[in-house]
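Comments concern the structure below.
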Amino acid sequence: MAHELKKIAVVGPVYPFKGGISHYTGLLVKALKAGHEVECISYSLQYPKILFKKEQRDYGNKTFEIKDTRFIINTANPFNWGKAAREIKKLRPDLVIVQWWHPYFAPCYAAVLSGLKGIPVFLTCHNVLPHERFPMDRLLTKSVLKKAAGCIVHSKEDEADLKAMIPAMHYRRNMHPTYNAFRLKGISREEARKELGLKAEEKVLLFFGLVRKYKGLKYLIEAAPECVKALDGVKICVVGDFGDARDEYMSLIEATGVKDSFMIRDGYVPDADVEPYFAAADLCICPYISATQSGIVQIAFGFGLPVIATDVGGLPEAVTDKKTGYIVPPGDPQALAKAITAFFTEERAGEFKENIREDEKRFSWENMVGTIEDLYKEACS
């Protein structure tokens, strides 16, 4: 029989590291601490600068900070991995939960997990396989998966990928919990719009996050002329880091003939500056052409903000069509424009916000903790 689940070590990025998975790790640790003793293990180095040239840390929002985090794993230094495993083992956890999202971490994690023999390890799979595939990604992923006692996935697509690689894996599928920690000031829609220079009567659409081809911003841009023609006062806020692709997207916007309907904020948005964009918006748009799940959807739901997403990956599991938003085909600007127009002309905002509130339990962190506890009973007994 397994020991009672008392002490858990959680491995992954956490404040001050940037990004959604860092936010997720911090919120998971806080949720687990309500009923367990929890140790948080993070990186002394997450990515070497040759792979990630921009600043990897953001000290601006301590909401996600976990006191006494041990920053001990250097993902690029093989001489560190055995030592890191020994330090985790000294904590004598009943369970280790590791955040998994990219095969870059495979050599490091495979070595660390090999050093944790006798301690069950669960992987939280944000993506089983990466969005942008590359040679050997499946082999690298399998090298880590096979060392786990169990996995948590957030979408049917990841569930299928997991079962294809490790058919006998113990796992649970649990919806990606809501990021409700960005409401730092509790500002109103009116206050947020004033702060951003948006008009009270404008119909504000928000595309938020790193701009990557798989996120389908191109199709929102192509939908813009039809939206502007059908609706008065449309403002499309594109907020995120364009990387090297800025000129390409600015050319697409110029070609629409409705350039003035766009508001662009290029660059990383510190956690402390996220709130106004979601508080000011009427709709969050996630026009992805591929996805497993999306932290952006869960930030939006944390603000009671309806979402238009595409029928890819786990997005239709998160967004309930015509209840908490709309699901449209990927790569279809006409269908996207039609859904945006319907939301405003049919005046669905109040109804959708109420449905989002009613759906809160499905996306709660308490639900995630219960899923981990159930999986532990099954996989470790």
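Write out, first by first residue and then by second, each pair whose Cβ atoms fall under 8 Å of each other, whose residues are 6+ apart or on separate chains, and whose first residue, in segment 306-317, is assigned by TED's automatic domain parsing to the domain that holds Lys338 and closer than 16 Å to Asn174 by Cβ while the second is β-branched (Val, Ile, Thr) and in a loop (DSSP other than H, G, I, E, B).
Listed pairs, sorted by first residue: Gly313/Thr292; Gly314/Thr292.
If a residue counts only when it is farther than 27 Å from Glu360 by Cα and out of contact with any Gly (no Cβ under 6 Å at 6 or more places or on another chain), which strands (runs of 3 or more DSSP E) contained entirely in segment 219-311 have at least 2 such residues?
In segment 219-311, the matching strands (runs of 3 or more DSSP E) lie at 234-240, 262-266.
Would a scan of segment 211-222 turn up a residue that is among the charged types (D, E, K, R), at pLDDT 95 or above and within 18 Å of Pro306 (Cβ to Cβ)?
no
Might you check whether a residue that is under 13 Å from His176 (Cβ atoms) and either part of a helix (DSSP H, G or I) or under 17 Å from the mean Cα position of the chain (by Cα) (or both) occurs anywhere in segment 336-348?
no
Anything in segment 135-154 that is in a loop (DSSP other than H, G, I, E, B) and either farther than 14 Å from Trp100 by Cα or in contact with a Pro (Cβ under 6 Å, 6 or more places away or on another chain) (or both)? List them, or say none.
Pro135, Met136, Ala149
Table: residues versus (1) surrounded by 24 or more Cβ atoms within 10 Å (Cβ to Cβ); (2) within 19 Å of His131 (Cα to Cα); (3) under 13 Å from the mean Cα position of the chain (by Cα).
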{"site": "Asp260", "(1), (2), (3)": "no, no, no"}
{"site": "Ala272", "(1), (2), (3)": "no, no, no"}
{"site": "Ala279", "(1), (2), (3)": "no, no, no"}
{"site": "Cys284", "(1), (2), (3)": "yes, no, no"}
{"site": "Gln298", "(1), (2), (3)": "no, yes, yes"}
{"site": "Ala309", "(1), (2), (3)": "yes, yes, no"}
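Quick check: is even one residue across segment 321-331 of a type in the set (S, T, N, Q), touching a Phe, Trp or Tyr at 6+ places or on another chain (Cβ under 7 Å) and part of a loop (DSSP other than H, G, I, E, B)? Talk me through it step by step, then tell me what you get.
Within segment 321-331, the first condition is being of a type in the set (S, T, N, Q), and the residues that meet it are 324.
Cutting the leftovers down to touching a Phe, Trp or Tyr at 6+ places or on another chain (Cβ under 7 Å) gives us 324.
Filter again for part of a loop (DSSP other than H, G, I, E, B), leaving 324.
Within segment 321-331, one or more residues are of a type in the set (S, T, N, Q), touching a Phe, Trp or Tyr at 6+ places or on another chain (Cβ under 7 Å) and part of a loop (DSSP other than H, G, I, E, B).
Run down Glu195, Glu201 and say which single residue is more than 22 Å from the chain's Cα centre (by Cα) and part of a loop (DSSP other than H, G, I, E, B).
Glu201
Please pick out the residue among Thr341, Thr345 that is closer than 16 Å to Ile308 by Cβ, touching a residue at least 40 places away in the same chain (Cβ under 8 Å) and either surrounded by 15 or more Cβ atoms within 10 Å (Cβ to Cβ) or of a type in the set (A, V, I, L, M, F, W, C) (or both).
Step by step, each of Thr341, Thr345 is checked, and only Thr341 is closer than 16 Å to Ile308 by Cβ, touching a residue at least 40 places away in the same chain (Cβ under 8 Å) and either surrounded by 15 or more Cβ atoms within 10 Å (Cβ to Cβ) or of a type in the set (A, V, I, L, M, F, W, C) (or both).
Those residues that are at pLDDT 95 or above and either in contact with a Ser or Thr (Cβ under 6 Å, 6 or more places away or on another chain) or on the phi > 0 side of the Ramachandran plot (or both), I need them from segment 107-149; list them, please.
Cys108, Ala110
Looking at segment 365-378, is at least one residue outside any helix (DSSP H, G or I) and either of a type outside the set (Phe, Trp, Tyr) or more than 18 Å from Thr124 (Cβ to Cβ) (or both)? It would help to see each step written out before you state the result.
Filtering segment 365-378 for residues outside any helix (DSSP H, G or I) gives none.
No - not one qualifying residue is present in segment 365-378.
So if I check each of Lys338, Lys322, Lys361, which one is under 23 Å from Ser22 (Cα atoms) and of a type in the set (Lys, Arg)?
Answer to the check: Lys361.
Of all residues in segment 348-381 being within 16 Å of Phe303 (Cβ to Cβ) and of a type in the set (Asp, Glu), which is surrounded by the most Cβ atoms within 10 Å (Cβ to Cβ)?
Asp359
The values are calculated or read from the model by the stated rules, or taken from the named source; none is laboratory data. The structure displayed is predicted, hence computed values, not measured ones. Cβ atoms come from the backbone with ideal geometry, glycine included; neighbour counts cover every protein chain shown.
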